[in-house]
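Notes for the one structure printed next.
The values are calculated or read from the model by the stated rules, or taken from the named source; none is laboratory data. No experiment lies behind these values; they were computed from the predicted model shown. Neighbour counts are summed over all protein chains in view; Cβ atoms, including those assigned to glycine, are modelled from backbone coordinates with ideal geometry. Calculation scope for accessible area: heavy atoms of the full protein, side chains included, ligands and nucleic acids excluded. Shrake-Rupley method; radii C 1.70, N 1.55, O 1.52, S 1.80 Å.
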Amino acid sequence: MSVKCVEIDNENISHSVTLTPRLEYSASLLDEIVTVISQKRDDLKQSNKDLISDFDESDKTHLQAIELERTMAFSLEILTLAKRKTKSITNIHSIPQVLPSSIPLIRTISAQLYELVPDCSQKLSELSVHLGSIVLDSATLTHASFDFSQSNTESSTLLDEVKLMVDSKISKQYPNVDFFKLCNT
C-alpha cells in the first residue's frame, strides 16, 4: 500500500490557522467597545431627558449635551453595523468581500471618540489594525483582490446613511431643538 505525499505550503497553513483566533479576538474587542458606547449613550440620553422640554438654544451646555448624545448614537450605530458585518463572515473567502469597508468606518469612529472616550478610541485603532491584517492575510490566501476606492465609497455611503438616520432619531427625540443651528455651532 502506498501513500501519496502532498506538499503543503506551510506559510499558508500558518496564516489560515491564525485567522480564526484573530477574527474572534476582533469580534470580542468590538463587542466590548459596543457595550461601553451603548452604556455611555444610554447615560447621556437619561441625563438629557430634561432637555426635551427645557431646551435653551442659547445655553451652550445644552447644545453640547445633545451633540455629545448624537455623537455617541452615531458611533454606536456605525459600530453595530461593523459588528454585524464581522459576524456575517462565513468562511475565508467572504473576508475580503465583507471586511474592507468596515475598517474606514472604525477609523472614523475612533477619530470622533479620541477626546470623548480615549480608551474606546485606542481600542478601535487596535481593532482596525487587526481587521486590516486579517483582510490582507485572507486576500493572500484566497488570491482575492479588492478595490480600495470602492471600499472607501461604500464606507462613505454607509456613514452618510447612518448620519441621516441618527439625525432623524435625535430630531424626533428633541422636537424643540433647531438642528440646523446645532449643526452649525
Per residue accessible area in Å² of the chain, where ligands, DNA and RNA are left out and the probe is 1.4 Å: 59 Å²
Dipole in debye (nearest 20) - the stretch 81-185, about Cα centre, beta carbon charges: Lys, Arg +1; Asp, Glu -1: 340 debye
Calculated semi-axes √(5λ) of the Cα gyration tensor in Å (choose from (1) 48, 18, 14; (2) 42, 15, 12; (3) 58, 17, 13), label: (2)
13 Å beta-carbon shell around Lys87, net charge (K/R +1, D/E -1): +1
From the C-alpha gyration tensor of the stretch 14-105, square roots of 5λ in Å: 38, 12, 9
Proximal charge balance of Asp43 [Cβ under 12 Å; K/R count +1, D/E count -1]: +2
The stretch 19-177, accessible surface, carbon-and-sulfur percent (1.4 angstrom probe): 53 percent
Out-of-range pairs (alpha-carbon distance over 23 Å; input Lys85/Lys123; Lys40/Lys169; Lys83/Lys163): none
Relative packing of 148-155, 81-88, 70-77, which averages over residues the other C-beta atoms within 10 Å, highest first: 70-77, 81-88, 148-155
